[in-house]
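Let me begin by presenting the structure, written as structure tokens, before commenting on it.
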Amino acid sequence: MKRLFIALLIMGLAAAFTVKPAYLGVHDTGNENLPTLDVDISVDCDAKNVMIGVASNETGGPLEGAMTYLFYTDYTYQALPNPGKTDISGKATIPVPGTIRFLNAMFILRVDKQGYQSREIEFAYKKCFEAPPAPSEPPQTHNETGSANQTAPQNVTPPGNATVPANDTKPPAQPQPPENNTGQPQPDGHGEPGASACPGAIGLALLALSLALKKG
């Protein structure tokens, strides 16, 4: 069962191996006053089909009824069988019989459409014998979080309307000594006496005065 699945997968990849050949030359023939054709070629390497798209170079719209002819050139100019004719979507397919050696040669596709110049395109099957394009790798994901050694910015000032945290209150102001009416500080009881006398000295002075009055 596994081998069958692998075989089917390989067949599916081969069937999907479609390339756009490199154009070796493009030539328009006929009345130069007529508009030109826009011709696109792709090659199905597995089915050996040349798929053609034809549109107007003036309007860009697809052209129905354009005749497509394929020629093989190897010292001669040989027309291959089964010419194509574009459908309503401007598409046509021409099968290409032959061996690998035959397909390595150069081909010429000619497209004719009434009211337009004929276009001839020279191309080769060379890309069909190269390796199919490898699938693209998924993009690398980026971690949205910062790196572990990323440091926080320093000296960032808070906004003007930010509140100060409760544990960052200022220390209480030191108490100042009271002032009298003259603006001079009052004594605190530990320094030198101020302008007012001690109550004991006043009592002694009154007692000495009363004794002097009695003697007189």
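Working out 0.36 nm times the residue gap between Met106 and Asp74, then minus their Cα-Cα distance, what length gain in nm do you get to one decimal?
Computed gain between Met106 and Asp74 is 10.8 nm.
Is there a pair in Lys91/Lys113; Lys85/Lys113; Lys91/Lys126; Lys48/Lys85; Lys20/Lys126 whose C-alpha atoms are over 21 Å apart, and which pairs would that be?
Details: Lys91/Lys113 13 Å; Lys85/Lys113 10 Å; Lys91/Lys126 23 Å; Lys48/Lys85 18 Å; Lys20/Lys126 10 Å.
Exceeds cut-off: Lys91/Lys126.
In nanometres, what is the gap between the two model label sites at Met51 and Lys85, each 7 Å from Cα along Cα-to-Cβ?
2.2
Given charges of +1 on the Cβ of Lys and Arg and -1 on the Cβ of Asp and Glu, with all other atoms neutral, how large is the dipole of the stretch 18-129 about its Cα centre, in debye to the nearest 20?
Working: 10 positive and 13 negative charges, 80 e Å.
Dipole magnitude for the stretch 18-129 comes out near 380 debye.
Sort 48-54, 87-93 by the packing proxy (mean of other Cβ within 10 Å over each peptide's residues), most packed first. Show your work: numbers first, answer last.
On the way: 48-54: 19.3, 87-93: 15.1.
Per-residue Cβ counts within 10 Å, averaged per peptide and sorted highest first, yield 48-54, 87-93.
Students often get this wrong: which residues of the stretch 41-71 have the backbone nitrogen under 20 Å from the point 7 angstrom along Cα-to-C-beta of Lys20?
41-63
Restricting to Cα pairs below 8 Å that are 6+ residues apart, what does the relative contact order work out to for the stretch 18-129? Please round to a whole percent. Let's see the in-between values first.
Values: 265 pairs, mean separation 38.6, N = 112.
Relative CO of the stretch 18-129 lands at 34 percent.
Taken together, the values in this text are just the output of simple stated rules run on the coordinates, not laboratory data. A quick note: this is a predicted structure, and the numbers were derived from the prediction, not measured. Here the Cβ is made from the backbone with ideal geometry for all residues, glycine too, and neighbour counts use every protein chain on show.
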